[in-house]
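Asks: Just dropping this structure here.
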Ligand SMILES: [Zn+2]
């Protein structure tokens with residue numbers, strides 16, 4: 001994938017090196033884990049939907065610098081976020097709606113306050129609907145590479161675009177609708193939301209290469225990397241690795257096969273209408 005010539009709008013809030021928030025104090029870990037939904041993969045799967053609702057608005061804000069960043073890793077995130085804005089703007093406009101980007105992609109180390117409670121890097125990247133920001137600790141890329149075996153820049157772009165997919169859902173009101181369908185289980189609202197975010201990442205990839213969208217070049221090998229990443233973060237794959245068995249009743253994100261299928265669907269059709277995981281008879 002080529003992205004260095006791509007446009008960057010500077011929608012990054014850089015909190016790296018600020019020291020984060022103190023996490024001392026007994027029991028806060030559990031509270032923290034219950035706080036944030038919309039992981040790429042569930043560290044604490046129970047939480048995804050209802051917890052976001054409960055904790056909304058409780059986090060105090062930590063001021064980071066909002067704007068362009070100088071390091072290459074940060075600029076990569078900026079380029080992908082900007083490309084998503086370029087892709088989603090016209091899609092919304094076609095429906096007579098207006099796309100507004102996330103408030104920021106927040107880069108942080110270790111832990112940081114969010115509108116959804118304290119964010120911790122152990123959670124993986126996530127989107128907080130209460131403050132409309134994506135939270136990302138860049139050390140996650142190492143984990144994606146080593147722990148999940150998902151290599152390549154495009155795997156990272158897929159993760160960022162998946163989180164922005166949750167922002168799209170917030171703008172469209174889908175997240176609210178999903179709450180009624182439950183937070184875990186193979187047919188749950190959570191799984192439908194996550195698979196839809198994968199499909200939206202595919203929609204982004206489908207249009208990212210159009211020149212009007214900022215000179216990101218995506219090659220067939222990148223799509224393979226994206227599918228590899230989608231497979232690596234499937235509930236069944238994670239569960240069988242972690243606990244040696246697969247429990248569909250506790251699914252929050254969908255199986256590896258489902259995540260690959262919905263990403264591909266978005267990529268092949270390039271149309272969010274193809275991402276109706278709520279109306280689909282088969283996920
Ligand atoms: Zn997600």
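Asks: Condition test on residue 252, is it buried (at least 20 other Cβ atoms within 10 Å of the Cβ) and either within 21 Å of the chain's Cα centre (by Cα) or more than 21 Å from residue 182 (Cα to Cα) (or both)? Walk me through how you get there before you give the answer.
Replies: Details: buried (at least 20 other Cβ atoms within 10 Å of the Cβ): yes; either within 21 Å of the chain's Cα centre (by Cα) or more than 21 Å from residue 182 (Cα to Cα) (or both): yes.
For residue 252, the condition - buried (at least 20 other Cβ atoms within 10 Å of the Cβ) and either within 21 Å of the chain's Cα centre (by Cα) or more than 21 Å from residue 182 (Cα to Cα) (or both) - is met.
Asks: Follow-up question, since we're still on this one. Output yes when any residue across the stretch 107-114 is under 20 Å from residue 252 (Cβ atoms) and either modelled with pLDDT under 95 or not in a helix (DSSP H, G or I) (or both), and no when none is. Before you say what the answer is, go through the steps one by one.
Replies: Step one: of the stretch 107-114, the residues under 20 Å from residue 252 (Cβ atoms) are 114.
From what is left, the residues that are either modelled with pLDDT under 95 or not in a helix (DSSP H, G or I) (or both) are 114.
Within the stretch 107-114, one or more residues are under 20 Å from residue 252 (Cβ atoms) and either modelled with pLDDT under 95 or not in a helix (DSSP H, G or I) (or both).
Asks: Working carefully through the options 132, 98, find the one that is over 21 Å from residue 259 (Cβ atoms), within 16 Å of the ligand (Cβ to nearest atom) and surrounded by fewer than 20 Cβ atoms within 10 Å (Cβ to Cβ). Let's see the steps before the verdict.
Replies: On the way: 98 fails: within 16 Å of the ligand (Cβ to nearest atom).
Criteria check complete, one pass: 132.
Asks: Further question: Could you check, for the stretch 141-159, whether at least one of its residues is buried (at least 24 other Cβ atoms within 10 Å of the Cβ), closer than 16 Å to residue 195 by Cα and within 14 Å of the ligand (Cβ to nearest atom)?
Replies: Checked the stretch 141-159: at least one residue is buried (at least 24 other Cβ atoms within 10 Å of the Cβ), closer than 16 Å to residue 195 by Cα and within 14 Å of the ligand (Cβ to nearest atom).
Asks: Same structure again: Output the qualifying pairs, or none if there are none: Cβ atoms under 7 angstrom, residues six or more apart or on different chains, first residue in the stretch 240-253 and free of Cβ contacts under 8 Å to residues at least 60 places away in the same chain, second residue away from the ligand (no atom under 16 Å from the Cβ) and assigned to a helix (DSSP H, G or I).
Replies: Correct list of pairs: 245/239; 246/236; 246/239; 246/240; 247/239.
Asks: Oh, and also: Taking interchain pairs and intrachain pairs at least six residues apart, which have beta carbon atoms under 6 angstrom, with the first residue in the stretch 164-175 and within 18 Å of residue 81 (Cα to Cα) and the second at pLDDT 95 or above and in a helix (DSSP H, G or I)?
Replies: 164/84; 165/197; 165/200; 165/201; 166/197; 168/200
Asks: Considering only the stretch 125-154, state which residues are assigned to a loop (DSSP other than H, G, I, E, B) and farther than 19 Å from residue 234 by Cβ. So that I can check it myself, show each step before the final result.
Replies: Looking only at the stretch 125-154, we keep the residues that are assigned to a loop (DSSP other than H, G, I, E, B), and these are 125, 129-132, 137-139, 147-152.
Hits for the stretch 125-154 are 129, 130, 131, 132, 137, 138, 139.
Asks: If I filter the stretch 193-230 down to residues being away from the ligand (no atom under 16 Å from the Cβ) and touching a strand residue (DSSP E or B) at 6+ places or on another chain (Cβ under 9 Å), which single residue comes out as nearest to residue 161 (Cα to Cα)?
Replies: 208
Asks: Go through (1) within 11 Å of the ligand (Cβ to nearest atom); (2) in a strand (DSSP E or B) one by one and return the number of the condition residue 169 breaks.
Replies: (2)
The values are calculated or read from the model by the stated rules, or taken from the named source; none is laboratory data. What you see is a predicted model; the values in this text were computed from it and never measured. As a convention, Cβ positions derive from the backbone with ideal geometry for all residues, glycine included, and neighbour counts pool all protein chains shown.
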